[in-house]
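Chemist: Handing you this structure, nothing more for now.
The values are calculated or read from the model by the stated rules, or taken from the named source; none is laboratory data. Everything numeric in this text was worked out from a predicted model, so none of it was measured. Heads up, the Cβs are rebuilt from the backbone with ideal geometry, glycines too, and the neighbour counts pull from every protein chain shown. Keep in mind that these areas ignore ligands, DNA and RNA; they rest on the heavy atoms of the full protein, side chains included. Shrake-Rupley method; radii C 1.70, N 1.55, O 1.52, S 1.80 Å.
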Amino acid sequence: MLNEGKIKVQICLGTTCFVMGASKLQDLERMLPPEWKDKVDISAQTCLGMCQNPDSGFIKAPFVKINDEMIGEASVEKVIDKLKELIVV
């Protein structure tokens, strides 16, 4: 269950996303700095539905949703960079 105040990170592990690199995103939690672990809730999703969304043509798989923002062409580095913007240390 998601705790209040945590940043919600959803990793799409649908077939397209998995093939396009989401498999590497499964290591995200292990790569977070220890002081962030209680501030971030990471979950794997079967599909975030972006491949079927005609409005998502400007971004490509793999997809990660951070709170309400969709990140396309996601990588561990890209997600960590976004988390740096959101986490007040």
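Chemist: Could I have the simple spin-label model distance between E85 and Q45, label points 7 Å from Cα toward Cβ, reported in nm to one decimal?
Modeler: Label-label distance for E85 and Q45, simple model: 1.8 nm.
Chemist: Looking only at E77, E69, E29, which one moves most when the chain is put into a Gaussian network model with springs between Cα atoms under 10 Å?
Modeler: Judging by the Gaussian network model, the answer is E69.
Chemist: On a 0 to 90 degree scale, rounded to 10, what angle separates helix 76-86 from the longest Cα axis of the chain?
Modeler: Tilt of helix 76-86: around 50 degrees.
Chemist: From the list (i) 37; (ii) 49; (iii) 43, can you say which value of percent of Cα pairs over 17 Å apart was derived from the structure given?
Modeler: (iii)
Chemist: So what is the accessible area of the chain per residue, in Å², with the probe set to 1.4 Å?
Modeler: 64 Å²
Chemist: Quick check: at a probe of 1.4 Å, how many percent of the accessible area of the chain sits on carbon and sulfur atoms?
Modeler: For the chain, the apolar C and S fraction of the accessible surface comes to 51 percent.
Chemist: A follow-up question, please. Based on the alpha-carbon gyration tensor of segment 1-47 and its eigenvalue square roots a ≥ b ≥ c, which shape applies: rounded if a/c is under 1.5, prolate if not and a/b is larger than b/c, or oblate?
Modeler: It comes out oblate by the Cα gyration axes.
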